[in-house]
Structures are given as structure tokens and as C-alpha cells.
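Input: a single structure, listed below in C-alpha cells.
Where a number appears in this text, it was derived from the coordinates with a stated rule and is not lab data. Bear in mind the structure is a predicted one, so any value in this text is a computation, not a measurement. Positions of Cβ are generated from backbone atoms using ideal geometry, with glycine treated the same way; all protein chains shown enter the neighbour counts.
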2 protein chains.
Amino acid sequence: MVSTNAINELENFREAMLPAIEEVLQAEVDKAGGSGTVELREMLRYHLGWEGEGSGRKAQGKRIRPLLVLLAAEAAGGKWEDVLPSAAAVELLHNFSLIHDDIQDNSSMRRGRPTLWTKWGIPQSINAGDSLFALAHDSLKGLKKHSTDVYANSIEVLPLTSLKLTQGQYMDLAFEGKEEVSIQEYWEMVGGKTAVLLATCAELGAIGAQASKERSAHFRLFGEKLGLAFQAHDDILGIWGSENQTGKSNHSDLLSRKKSLPVLFGLAKGGKFAEIWPNWKPEESSVNELARALENDGARGQATDMVGALTQEALTALDLAKPETAAGEALKMLGFELVQRNY
Amino acid sequence: MVSTNAINELENFREAMLPAIEEVLQAEVDKAGGSGTVELREMLRYHLGWEGEGSGRKAQGKRIRPLLVLLAAEAAGGKWEDVLPSAAAVELLHNFSLIHDDIQDNSSMRRGRPTLWTKWGIPQSINAGDSLFALAHDSLKGLKKHSTDVYANSIEVLPLTSLKLTQGQYMDLAFEGKEEVSIQEYWEMVGGKTAVLLATCAELGAIGAQASKERSAHFRLFGEKLGLAFQAHDDILGIWGSENQTGKSNHSDLLSRKKSLPVLFGLAKGGKFAEIWPNWKPEESSVNELARALENDGARGQATDMVGALTQEALTALDLAKPETAAGEALKMLGFELVQRNY
């Protein structure tokens, strides 16, 4: 299904796009600096991986979302350079949510280095996240050089995207305190927390290429289904990914009693896992056995099938969007990376 | 300077506007609700004073900012009903910042009732603030019914307003840990934390009335100067306002060792206050004496003079904006309320 050609196409695009993405992001983040706010800019530069201990490519993350914007623009017949402001906007929005997530989840590490709040404290880090939220909206103004129509159509999309992100985050946080979470609630949460932003990425690319509403909607659906598949795959890795692969301890999602998709499948099945789970105390010594029970109950297989089905739906949506050749191949490849990665 | 007529004008406008403001705010906040996010909407409704213990007019706050938008629109020759979406946007933005402020300052009470985070915890409250931020941007879409130009010009203003809010907040939080804060730094902080939003209120009103750029800039300057005066006045109340008036304990800003304007004046003077302050431990028993020393050193007078001068600058800017009669009088009156209130 994946051709060497597609791999090369994606690599070529990535090589050209990544430095341009960093450049536009840096220019935007510079706006947070000022005579009295030098350190605020420094905080944002640290979080984005450009500065401070452990800075560099790995600390910057994979910039999946801006790449998705740019590739979608090319695949819809536009020029990726024109939509760099949209690419910056989604990455800033994503990082706003990561900064707040890390505080909310009490996470001390991200991308192999201390999270922002562990270095600057919670009050300043909440505020730094808010700055990125503001900058995400500001970034889109750069589209006006390209086309005022594109700007107007793009700025439309952001507020409800942000709202849905916060709705998804509300549900995710609420799940921790809930006894029972249904599969339906799970998908609603993921729809907000993960899928809406990937959907917006693909749509912003299409809007930037001035694609028709119908074609833009196909791109959006591609991004959305890809986001759902991505999260389901992430949930599998959270249980069965090795420490080497994920950078987190083995079975980390079980140890944190996260109500992820395989767990919900296991509970619905009512087998051995469902029997152990309610009274299970998170312990390294018994987590292997629990993971095995979950796998034997078929939850890993079910989740894997789900990733496959959602990926197929994403590809169908992409076909309907009639992507242009080279960028279309690269976009598919980016999708495969997201749902087949083992890191 | 203040005529009975102006007082009546303001009261008449207020009576008509306040219910309309609540209505548009409620409709916007409803968007946060959904099958899985009923409680998120409830949190926002609690914070905005419509629901839960102690809800009602007092818990809703005075809605100064939306009133400023609507009065500015009328004063610029427009119709206030047309800019209700902008009024909602600034109030939502203001309340987003209050929710995060209360977490950052560890404040347990606001408007006489428990703050959001004390009831729902910090993680969910950070997220609820984020929701309001998103809704503020979404709200402006309502302007399109009135005029797409007004919408386009209004949406331009919000991102940098939000950014400056976070820059002001950065400085405010940073002041706590700083040995010395200059008067210049103080004004820069207040320019972001308080003045930028009032400036934006007045400008959004003028934009809504499709005033010229020059006239809109005069309105903006009016709001900005008013914001600076408002904060200086607030700082005076924070030290010399009585508990009855402010709802906080007497001398609360001294007891929290806040580097507010009178304190900075007192330190610059190098008198008795400057001698006591560095080693003073916040105590009810000695705070009266400290406040007296500060007043004797002339700091209260200096701050009061500053409020007067800034108010004059605000009125000069408003004159240049050539406000229409009735709404212009009401706008001036609203300004006086802000800088002469003793609550």
C-alpha cells in the first residue's frame, strides 16, 4: 500500500517545510517579548524546543499538525508557502493545550525534558499557555498577504476548534473521576481532544488553496478520521508500547488507570480483565499479567481493528478530496506514519 | 462637572442594555454545553453569576466592559444593539482572565462567593477559562448579521488585545518575586493587565458604528487612559478603602505586600514608609501605622493626583472623538463611576 515513492515524496516535502515552519513560529513567538516580558518569550521558546536544556529537534516535536496543513494545501492545488500562517496557528494552538495539559495532568516530563510548569511554576505557565492561544489567533493575520478571503475563511474555523478542544479536555479530565465511561463517551472525548485539531489542519490547508466548500469538507473529514485513528493507536501504545518506543514506562496507561480504548473494550467484554480491574492497585509487579488478560480478552485486537477501520475511512475521505499527485501521496504517507508508528 | 442629566442618561442606557448583555452572554455560554459537557456549561454559568450559590446581580459583576462597548457605539453614532456580540466578547475575555487570575493568585473568593477553582479544582478551572477564551472569539461572529466589515475589523483587534493581557499578567506575577519595580514597569504592567481591554472596548464600539479610523483611535485612547486611571484608583482603594466599601479587608494590598502604585510612590520618596517597608512583616497590628506613614509621605496624594490627571487625559481623548450627546454624556458618567467609586 505504501510505495517507496510516497516515502520519498514525504521526506522531500518535510525537508523543505520544517525549516519554514520553525521560522514562522519563531517570528510569531517573538511578539510575546517586550521590554518587560523578555522572560515570557523565553518560556515560550523553551516550551517550543528552541532554547534551554535539551532544546533541539527532538524537543520541538514532530510538527505533525503544521505539516498536515501544508501538505493539504499542496494536495488541494495550492502552494504550501501561502499557508504558513495557518500552519503556525495550529501548532501554537496545539502547544497552548499541551502547556495546560501538563499542569492539569501533573506531568513533569514532555519530549524528554522538564515541563514548563516544573521550571517556572503553575501561575506563569498557565499564563504562557494563554499567550500561545492569543498568538495562534494573531498568526492567521499573515494570510492576508496571500488573500483576504483565505484569511476570513480561516479565522472562522479557529474559535469552534478551540471550544471543542476544551470540551474534549473537560471530558478527559472528568473521566478520571467517573466510575463508568461508555465507548460512545470515549469517542466524543477523542473527537474534541485529538480529532478536531487534525480536522482543522486539513481543512485550513484546503481553505488556503481556495478549494470548494465540498472539497474542503472532504479534507476535514480525512483529518478527523485520521485523528480518531491516531488516538486509538496512541492508546494501544500506552499499554503495549515498550519504554524504548514511547519514552514512557511500559504499560503506563494501565499504571495510571487511564480509561483508554482497550480498557473500555476489556470492560465491555466482561472477561478476566473486567474481573481484575475494579480492585486492581497499580503495581509494576502485576501489570504484566493485567495487560496479558486484556490482550487475551481480545481488547488489543479490537482496538487494532478500530485503527484499521478508521484509517480506511480517512483514506476514503482523502480519495473523495481528489488530492493532487505528489502531495496527496505524501499526505497519505503522513497518515500512515501517525497510525503505524511504534514510537 | 457631572450633571444630573448625565446620571439619568447612564441609568436609562444601563437599564436597557444590561438585560440584553446577559442574554447574548448566556446564548454564547450555552455553546459550551453538549451531551458530554453539561457540567462545563454549569461551571461557566456559575462563574458568570447565573447559577449556583450566591448567584444574582452582585455575582455577575458590573459588566463595565460590555457597557463601555455599547455606549461607545452609540456615542460614535451607531446602534448599541448592533454590537452586542462585541460586548459579549470583551466580557467573556475578561472573565477568562479572572478565572485564571484566581488560580494564579490563589484567591478563594470573588464577588462575595467561592471562586471557580475552589469548587471544581484547578485542572477543570484552567480548562473552563480556556473555554471562555474560545467563546470570546466565537462571539464576534454574531457581528456578521450587522456588517461583514464590522466583523472583519473587530476580529482584527482581539488577538493582540489578548496577547497584551497575558503580557501584563506575566509582569504582575513577576513583580511578586522582584525586589524592585520601577514606576515605568508598573505602568507597562497596568497598560496590559487593565488598560488594553478597556481600550479595546471603546474601540470595538467605535468600529461597530463604522467610525473613521481616526475617530476609533480617539475612542481607543479614551478607554486606555480610563483603564490606567481605573487601576490607579483601584490601588488607592486596595490600601485606604474600607472593608465595607471593597469587600476585602482594610489595607489588603499592604497585607499582601503588593507593589501597587502608592507603595511605589512611597518607596521612591524615601521617607518613613520606605524605611519600614523592606523589613515589615504583614500584620494587622502594625498595618494602620504603615498606611499612615505612606499617606504622610504623600503617596496617597500623588496617586490621587495621578488618577485625576489620567481621567483628564481620558476626557480630552473623548472630546476629540466628538461623542454624540446622550450616549457621550453617559460614557463620561461611566468613566467617572470607575475612577470615583469607593467600592
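Data table
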quantity	calculated
Residue within the range A:176-191 that is of a type in the set (G, A, S), surrounded by 22 or more Cβ atoms within 10 Å (Cβ to Cβ), more than 7 Å from chain B (Cβ to nearest Cβ) and in a helix (DSSP H, G or I) present	no
Failed condition for B:L173, given (1) buried (at least 19 other Cβ atoms within 10 Å of the Cβ); (2) at the interface with chain A (Cβ under 7 Å from one of its Cβ atoms); (3) within 19 Å of B:A199 (Cβ to Cβ)	(3)
Helices (runs of 4 or more DSSP H) contained in the range B:195-266 and holding at least 2 residues surrounded by fewer than 23 Cβ atoms within 10 Å (Cβ to Cβ) and of a type outside the set (K, R)	B:213-240, B:243-246, B:252-255
Subset of the range A:127-144 that is hydrophobic (A, V, I, L, M, F, W, C) and either touching a residue at least 60 places away in the same chain (Cβ under 8 Å) or touching a strand residue (DSSP E or B) at 6+ places or on another chain (Cβ under 9 Å) (or both) - its residue that is nearest to A:T166 (Cα to Cα)	A:L132
Residue that is nearest to B:L264 (Cα to Cα), among those in the range B:284-320 that are surrounded by fewer than 17 Cβ atoms within 10 Å (Cβ to Cβ) and among the β-branched types (V, I, T)	B:T304
Yes/no for B:S97 being in contact with a Pro (Cβ under 7 Å, 6 or more places away or on another chain) and farther than 16 Å from B:G205 by Cβ	no
Residue that is surrounded by the most Cβ atoms within 10 Å (Cβ to Cβ) [pool: residues in the range B:160-169 that are free of Cβ contacts under 8 Å to residues at least 60 places away in the same chain and within 8 Å of chain A (Cβ to nearest Cβ)]	B:Q167
Condition broken by B:D130, with the remaining ones in (1) of a type outside the set (A, V, I, L, M, F, W, C); (2) crowded, with 24+ Cβ neighbours inside 10 Å; (3) more than 9 Å from every other protein chain (Cβ to nearest Cβ) satisfied	(3)
Which numbered condition B:S285 misses (of (1) touching a His at 6+ places or on another chain (Cβ under 9 Å); (2) farther than 25 Å from B:G61 by Cα)	(1)
Any hit, the range A:106-126, residues being in contact with a Leu (Cβ under 6 Å, 6 or more places away or on another chain), in contact (Cβ under 8 Å) with a residue 60 or more places away in the chain and either within 14 Å of chain B (Cβ to nearest Cβ) or not in a helix (DSSP H, G or I) (or both)	yes
Unmet criterion (only one of (1) more than 28 Å from B:V157 (Cβ to Cβ); (2) within 14 Å of chain A (Cβ to nearest Cβ); (3) not small (G, A, S)) for B:M43	(1)
Condition met for B:D172 (without any contact (Cβ under 8 Å) to a residue 24 or more places away in the chain and either on the phi > 0 side of the Ramachandran plot or under 20 Å from the mean Cα position of the chain (by Cα) (or both))	yes
A:L143 vs. criteria crowded, with 22+ Cβ neighbours inside 10 Å and within 10 Å of chain B (Cβ to nearest Cβ)	no
Test set (1) facing chain A (nearest Cβ under 9 Å); (2) within 20 Å of the chain's Cα centre (by Cα); (3) surrounded by fewer than 22 Cβ atoms within 10 Å (Cβ to Cβ) - B:A136 fails condition number	(3)
The range B:5-48, residues that are surrounded by fewer than 17 Cβ atoms within 10 Å (Cβ to Cβ) and of a type outside the set (D, E, K, R)	B:N5, B:I7, B:N8, B:N12, B:A16, B:P19, B:A20, B:Q26, B:A27, B:G33, B:S35, B:V38
Any hit, the range A:269-283, residues being more than 25 Å from the chain's Cα centre (by Cα) and crowded, with 24+ Cβ neighbours inside 10 Å	yes
Subset tally (residues that are under 19 Å from B:L198 (Cα atoms), part of a helix (DSSP H, G or I) and in contact with a helix residue (DSSP H, G or I) (Cβ under 6 Å, 6 or more places away or on another chain)) for the range B:290-331	14
Residue, surrounded by the fewest Cβ atoms within 10 Å (Cβ to Cβ), within the range B:332-343, restricted to residues that are assigned to a helix (DSSP H, G or I) and over 15 Å from the mean Cα position of the chain (by Cα)	B:M333
Test: residue in the range A:147-159 that is within 8 Å of chain B (Cβ to nearest Cβ), within 19 Å of B:D30 (Cβ to Cβ) and either without any contact (Cβ under 8 Å) to a residue 12 or more places away in the chain or surrounded by fewer than 18 Cβ atoms within 10 Å (Cβ to Cβ) (or both)	yes
